[in-house]
1. Starting from the Cα gyration tensor of region 75-162, multiply each eigenvalue by 5, take the square root, and state the resulting semi-axes largest first in whole Å.
2. Any chance you could check the Cα centroid distance between region 255-273 and region 1-67 for me, in angstrom?
3. Among the lysines, select those whose C-alpha is under 23 Å from the C-alpha of Lys267, and discard any that sit fewer than 8 residues away in the same chain.
4. Under a Cβ-only charge scheme (Lys and Arg +1, Asp and Glu -1), can you give me the dipole magnitude of region 127-270 about the Cα centre, in debye to the nearest 20?
5. For the chain, with only Lys/Arg (+1) and Asp/Glu (-1) charged at the beta-carbon, what is the dipole magnitude about the Cα centre, in debye rounded to 20?
6. Looking at Pro124, His170, Val94, which one has the Cα that reaches farthest to the positive end of the dipole of the chain (charges on Cβ: Lys, Arg +1; Asp, Glu -1)?
7. Could you work out the relative contact order of the chain? I mean the mean sequence separation of Cα pairs under 8 Å and 6+ apart, divided by the number of residues, in percent.
8. In Å, what Rg and Dmax follow from the Cα atoms of region 227-304?
Amino acid sequence: MQPVKIVDLFAGPGGVDVAAEKLGVPTVGIEWDADACQTRRAAGLSTVQGDVRRYGPADFPDADVLAGGPPCQTFTVAGSGAGREALDDVLAFVERMTARDDRGKIADDLAKLDDERTGLVLEPLRWILESIDERKKPYEAIVLEQVPAVLPVWEAYHRALKNEGYSVDHGLLLTEAFGVPQTRRRAVLIARRGEHELKLPTPTHRPYRKGVPREAGDASLKPWNTMDGVVERGRPFEVISNYGTGGDPKLRGRRSSSQPSATVTGKIFRNRVVSMEQEELDRFSHSEAGRLQTFPANYPWSGRDIGQQIGNAVPPRLAMHVLSTAFGWAPPGEDLLRKLDRWGNVPTQVAPAAADDALART
């Protein structure tokens, strides 16, 4: 397919949008957080600051791709009774929405939930159904991602989208398996209108396993990438996590610069960085933390709580692979991925050469 524009719900500081713009696909992002919007505007990304619940497909008539990473904190707490109850609520709402239950009644019932965030994970589905029923112009492709706990919701979305005429796949992706110098698991769903052989992107790099050398494993895959491949300190270093296993500060996680980073969170600037001789070094800069997420080195992080912005973002390198697969394009090559190194002029072409080749073969 040849995308016209992506509308990105819960767009954050721009992980999906950075990837899309480097692929030559225009974007517009909806984001309520003022600080993330400040970063987006500094980067020149088209941004609507506001609540996605106040908008719909009719407000973005030229967008033919929907992307989103809706927050879902209420049912991500492992073993929590409230979390299980919230998940049950969401799955029931998915069934009601796809059965075309009365929308006014659904909105009233959503307003009665103990935590309003529970309903936010349903917003992409509302947009999808409104694009079909009201706009009469279904989205050609859909890309959704979140933490692994959202998988039961993506399973429900999967069934719903198949019934609406989409080819769908969903599952867990490891970020280091796509060249991100960080271990992180993301639950991803992709869909494309019509009958296709649609599968999540195939890994390009080996998964990280503690104690297993990066040269070991499947010879058809590249070794995982390391922190020192993107963070230049002039000598080896070690990162000591702010968190201690089981709350014990003596059991803080450690990763050397010759390994991928642990999952980047909003507390990344609390992590200590030390030399191999345990000499204290400067903690990560905004640019360094962003590079661990594969944002360009000169990305203009702005506003407050930049650590949270970076930690919540989708790694652009992973997003490039996911978007390309959703569009039916060939996987991005290294020349294209290297465009993520610097942020500057947005490319003018609509699709990369690799995509043209893939389209020509279909």
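The numbers here are math on the coordinates, done by the rules we state, and not lab data. Quick caveat: nothing in here was measured; it's all calculated off a predicted structure. Cβ sites come from the backbone with ideal geometry, for glycine too, and all protein chains shown count toward neighbours.
1. Equivalent ellipsoid semi-axes, largest first: 22, 16, 10 Å.
2. So the two Cα centres are separated by 28 Å.
3. Lys210, Lys250
4. The dipole of region 127-270 has a size of about 660 debye.
5. Roughly 800 debye for the chain.
6. His170
7. Computed value for the chain: 19 percent relative contact order.
8. Final numbers for Rg and Dmax: 12.6, 37 Å.
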